[in-house]
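Notes to accompany the following structure.
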Protein chains: 2
Amino acid sequence: MKSPKHDKAIVLLSGGLDSATTLALAKEQYQSILALSFDYGQRHHCELQAAEQIANAQNVPKRVLSLPLAEIGGSALTSESIDVPKAATTITNTTSSETSIPVTYVPARNTIFLSYALAVAEVESASAIYIGVNALDYSGYPDCRPEFIERFQALINIATKKTVEGSKIILEAPLVSLTKSQIIKVGVKLGVDYSLTVSCYDPDANGAACGECDSCHLRRQGFKEANVPDPTQYR
Amino acid sequence: MKSPKHDKAIVLLSGGLDSATTLALAKEQYQSILALSFDYGQRHHCELQAAEQIANAQNVPKRVLSLPLAEIGGSALTSESIDVPKAATTITNTTSSETSIPVTYVPARNTIFLSYALAVAEVESASAIYIGVNALDYSGYPDCRPEFIERFQALINIATKKTVEGSKIILEAPLVSLTKSQIIKVGVKLGVDYSLTVSCYDPDANGAACGECDSCHLRRQGFKEANVPDPTQYR
């Protein structure tokens, strides 16, 4: 028998495979969910439409906040002047900090995203924040690793009125130690419709995936290893 | 003799007394400065013009980022529906977490501000971030205390490509243990023009201070204790 559900959680929903799975996992644990997406000038802007469809399919309310990350720059994902790498040479399968971090890294992105999630959690009286980071089949981004989650949790515990006054806001990263194929298997069990999700960093105008960036490579390999038909539309 | 200056620092510049002093302190230590201000829907929007004037007076470049904090709400400073308290009953003179935190608290504000400062520091190859928080003569905000600064520094150390690859980004909070009068004395020595700064949470259309909110109370008392003429225009 399942334990009773907690009250409310904020779920970061990018529109990708990982966050769609995370949303389904959060729904198992929390009575009420608010999905949070960010319009940050991302090249793969169509992921925002995907996030909308995923939230509708999973029947949760959703909010979008617009953030000025493209003004800050420094990433292939927010700057047309830096190309998204095609070769999947940067993929790691380790949590070592010695790996090379690709140009698709967006400076301080998850720190910024979680800061907003924290503000929203406080105002909405939510007791958890879910983020779909993964440090196994990933691109080596420093802000996707378990130590990042641990230190952000330590910050949360003393950073807000709510937490200082004794309430907890728990940062949950349920995918952090799963492989992509394990994530897909979990999602399939929970009924996640992966045909709605977008992983590609550089999709075309119709949303078709390039099939060649890190993110496409990890996704394609994940479906293969999970023995689940890949619903992605490649161009 | 002074030690040679470091390269570049990002300074959070709100337009208030503390951040104007912090900017002057950072200039003593760093060759190059970028001041960073945030338009976050604050009630005291005129502080942004003050920040502009302070940056000009101190001859440093400045950038403004627009953040959707008013959409998140939960504060008298971003919501017209919550009044700014007039009685200065909430002022603390302790770092205890048992103090009552007033409605002028903005959920996760400094966490959000520092997240952006971190992104900008990384892109601009800056090695320090300055923030003018103060935990002595302050309103009891949790994200102004030394432990908040320490935990954010711990986060910085593992959160970005730059820091993971071995470069440091130091979070400096030079005012954290000073009284308001000590801050004013430091600023006067460094030539800070406090007539340009705005502290009031609820100024009128001409920028005149209310003289009654926490922030006005602390400022007024600081000038008195420092024996420095108060240049503030009260209404």
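Only residues that are part of a strand (DSSP E or B) and either at pLDDT below 95 or out of contact with any helix residue (DSSP H, G or I) (no Cβ under 8 Å at 6 or more places or on another chain) (or both): list them for region B:124-147, please. Passing the criteria: only B:138.
For (1) modelled with pLDDT under 90; (2) among the hydrophobic types (A, V, I, L, M, F, W, C), each residue gets a yes or a no:
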| residue | (1), (2) |
| --- | --- |
| A:40 | no, no |
| A:44 | yes, no |
| A:48 | no, yes |
| A:53 | no, no |
| A:56 | no, no |
| A:63 | no, no |
| A:68 | no, no |
| A:73 | no, no |
| A:82 | yes, yes |
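Of all the residues in region B:36-61, those that are buried (at least 19 other Cβ atoms within 10 Å of the Cβ) and assigned to a strand (DSSP E or B) number 3.
Each residue in region A:161-175 was checked for being closer than 10 Å to residue A:18 by Cβ and β-branched (Val, Ile, Thr), and 0 of them qualify.
Evaluation of residue B:155 against the conditions (1) in contact (Cβ under 8 Å) with a residue 40 or more places away in the chain; (2) surrounded by 19 or more Cβ atoms within 10 Å (Cβ to Cβ) shows that the sole unmet condition is (1). Only a single criterion out of (1) modelled with pLDDT of 95 or more; (2) farther than 30 Å from residue A:122 by Cα is not satisfied by residue B:233, namely (1). If the condition is being within 12 Å of chain B (Cβ to nearest Cβ) and outside any helix (DSSP H, G or I), then region A:148-170 contributes A:160, A:165, A:166, A:169. Residue A:9 - would you say it is assigned to a strand (DSSP E or B), touching a Phe, Trp or Tyr at 6+ places or on another chain (Cβ under 6 Å) and surrounded by 20 or more Cβ atoms within 10 Å (Cβ to Cβ)? Spelling it out, residue A:9 is indeed assigned to a strand (DSSP E or B), touching a Phe, Trp or Tyr at 6+ places or on another chain (Cβ under 6 Å) and surrounded by 20 or more Cβ atoms within 10 Å (Cβ to Cβ).
The values are calculated or read from the model by the stated rules, or taken from the named source; none is laboratory data. Please read all numbers here as calculations on a predicted model, not as lab measurements. Please note: Cβ atoms are built from the backbone with ideal geometry, for glycine as well, and neighbour counts cover all protein chains shown.
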